[in-house]
Amino acid sequence: MSVSGSGLDPAALQAMANAMFSAPPGAEPAFGQAPAAPSGPINLGSPLPPGGIPVAGQNNPLPVATTLPMTPPLRTTQPGAAELAAPPSFITPRVVPTQAQTPDLHGLQSTVLPALPKGGSSFAGVPEGFAALLPGAAPAPNLSDAAVPSSAQPPSSPYYFLGDASSASGVPESPPLNLASLSDPFGLSAPTRISGEPPRSSGSTSAAPSSPHSNVSAPSFYFADLGAKPAAPKVAPGRGIFDVATARRDFPILSTRVNGGKPLVWLDNAATTQKPQSVIDRISYFYANENSNIHRAAHELAARATDAYESARKKVANFIGASSPEEIIFVRGTTEGINLVAQSWGKQNIGEGDEIVISHLEHHANIVPWQMLTAEKGAVLRVIPVDNTGQVRLDEYQKLLSSRTKIVAVTQVSNALGTVVPVKEIIDLGHRYGAKVLIDGAQSVSHMRVDVQALDADFFVFSGHKLFGPTGIGVVFGKRGILEHTPPYQGGGNMIEDVTFDKTVYQGPPARFEAGTGNIADAVGLGAAIDYIERLGMENIARQEHDLLEYGTEALCRIPGLCMIGTAKHKTSVMSFVLEGFTTAEVGQALSEEGIAVRSGHHCAQPILRRFGLEFTVRPSLAFYNTFEEIDLLAATVRRLSQTRRRG
């Protein structure tokens with residue numbers, strides 16, 4: 001009955017502690033209730049207790065967050081003159097108020113998002129078929145059958161994420177930038193208005209709204225307008241749907257320390273994203289339990305590997321809205337995917353005098369393959385110009401189209417500027433002239449929901465490592481009717497129906513385009529990454545990243561001598577800039593010394609940077625697991641660097 005003579009019952013102590021942590025704010029803990037599961041944060045890749053993953057708010061001992069961590073409160077009053085005149089403070093820690101004091105940002109209050117596997121399994125990182133055999137497996141509750149109340153919608157915004165309203169009045173414009181050493185033929189130094197709350201001085205205050213139900217317009221999401229809107233996750237009354245602190249615990253590398261103990265600040269997400277534990281565990285599980293070549297073999301491991309591989313194909317098809325898994329081809333990445341289309345469909349359908357249209361925004365991977373094809377075929381490459389903000393000019397694009405146009409290949413999001421391209425309009429205009437359209441989705445799939453059927457894209461390509469999945473795996477979507485009449489890109493095993501010395505009969509798509517042994521384990525890992533993204537919810541990710549982008553853009557634009565490159569109205573989480581008096585390598589090195597990882601260089605997009613008179617930029621790029629504190633450190637480091645040169 002006692003513990004070390006204390007007379008305390010350990011079971012009773014555990015029950016009391018669990019009840020106290022599980023009680024919502026302001027409620028009395030229900031002592032004496034049996035706990036539903038052990039307490040503590042859930043890692044999507046960790047072993048789970050019998051009975052599956054506990055859900056916040058359902059009599060379980062998980063601590064529930066009542067405010068969004070590291071998110072600035074919503075400003076409800078206009079800043080005063082004294083406040084605007086005060087120098088910004090980027091590294092002053094913000095105190096997150098309690099739910100009773102201040103509603104969460106945008107009227108949305110937050111909670112820990114339950115780590116619910118897709119497909120009914122209660123075990124993350126383990127394939128569905130085998131998870132069902134484990135003891136205690138239980139179906140996961142469905143969070144997608146109820147909509148978020150309209151009163152809890154975020155306010156409108158000039159960014160595509162949250163509508164097209166103009167920026168809030170009273171927000172100070174960015175100061176003009178004087179770059180004596182940089183030619184500025186396109187007017188980039190003009191003041192740029194950024195909506196959202198500016199960084200406040202240490203003495204500023206903000207009154208809390210009297211009600212969390214703000215009088216705001218419903219959001220108009222760029223990605224949600226392309227087709228059927230997915231149901232929003234079910235939300236407990238008075239709670240929100242995203243907790244960045246919990247999400248960060250799913251990524252083991254984010255706890256890494258670099259440069260003598262500095263916490264890693266990963267702001268190089270446009271180059272590659274980090275991987276959640278569930279993806280790491282899923283790949284490990286494959287090699288430990290399923291490793292085999294796929295198809296045709298008559299043994300159990302081959303069946304397991306084939307099931308896992310083809311299950312990943314189905315997940316990809318569902319994720320991007322393809323009509324069938326047979327429209328999904330696995331490749332090494334976006335670069336190989338574009339080369340596949342150019343060297344298979346392109347060689348078959350493009351001849352001398354035909355025209356290929358790309359945009360000025362393109363990554364080298366969507367330029368060089370088409371240049372190679374035009375040189376071989378005698379075709380012509382046409383380029384859509386961009387305006388001074390970095391957005392493509394649809395009026396000029398329309399002038400380039402003619403009956404000679406055979407294919408249009410454009411990015412959905414610029415990797416160098418973050419510009420979101422109006423690909424639906426580009427596709428529709430291209431189809432009017434009988435052209436096929438390929439969309440490079442390498443930078444879009446991790447930030448917005450994609451529906452290839454609603455877009456009516458003929459081809460769509462992306463890379464797994466940009467989507468929190470493994471490197472070395474990518475996807476080509478092609479309409480079934482096009483793929484059936486397209487010759488293979490490579491020859492070998494796995495893509496044939498019959499081979500004689502006289503002729504070869506190829507399989508239908510997608511096998512026709514997957515010669516040899518594919519990257520089976522990483523395809524399975526990509527499927528796990530898609531499961532993870534679906535559990536978080538793409539719309540939730542977009543809202544979080546939008547807030548980070550607004551906050552970061554405002555913070556950087558306040559730094560003297562800094563010029564933002566790429567100021568299009570519709571952007572994702574890229575904040576490219578140059579700093580007067582410093583090379584991009586010097587800025588990147590200064591940031592690295594503080595543990596901040598960014599990309600500095602031409603980003604494999606030299607034509608678009610030269611459009612703005614540049615060879616290189618510094619490119620911080622965001623993901624949902626980044627925080628406002630990390631942006632504060634970024635801005636403070638760049639500001640400190642700027643001040644050293646001015647004093648010299």
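Determine which lysines satisfy two conditions relative to residue 399: a Cα distance under 21 Å, and not lying fewer than 8 residues away in the same chain.
Candidates past the 8-residue exclusion: 424, 436.
What order, most packed first, do the peptides 525-533, 491-499 have when packing is the mean number of other Cβ atoms within 10 Å of each residue?
Order by mean packing, descending: 525-533, 491-499.
Could you name the lysines in cross-link range of residue 314, using Cα to Cα under 18 Å and dropping any fewer than eight places away on the same chain?
Hits, sequence-local ones excluded: 118, 479.
Heavy atoms of the protein only, probe of 1.4 Å, neighbouring chains included. What is the accessible area of residue 248 in Å², nearest 10?
Surface accessible to solvent at residue 248 totals approximately 50 Å².
Got a number for carbon plus sulfur as a percent of the range 419-503's accessible area, 1.4 Å probe?
48 percent
Quick check on packing: order 562-572, 345-355, 513-523, 293-303 by the mean number of other C-beta atoms within 10 Å, highest mean leading.
Those peptides, ordered most packed to least, come out 562-572, 513-523, 345-355, 293-303.
The values are calculated or read from the model by the stated rules, or taken from the named source; none is laboratory data. This structure is a prediction, so every number in the text was calculated from the model and none was measured. Because the Cβ atoms are built from the backbone with ideal geometry, glycine has one as well, and the counts that use them run over all protein chains shown. SASA here: full protein model, heavy atoms, side chains in, ligands and nucleic acids out. Shrake-Rupley method; radii C 1.70, N 1.55, O 1.52, S 1.80 Å.
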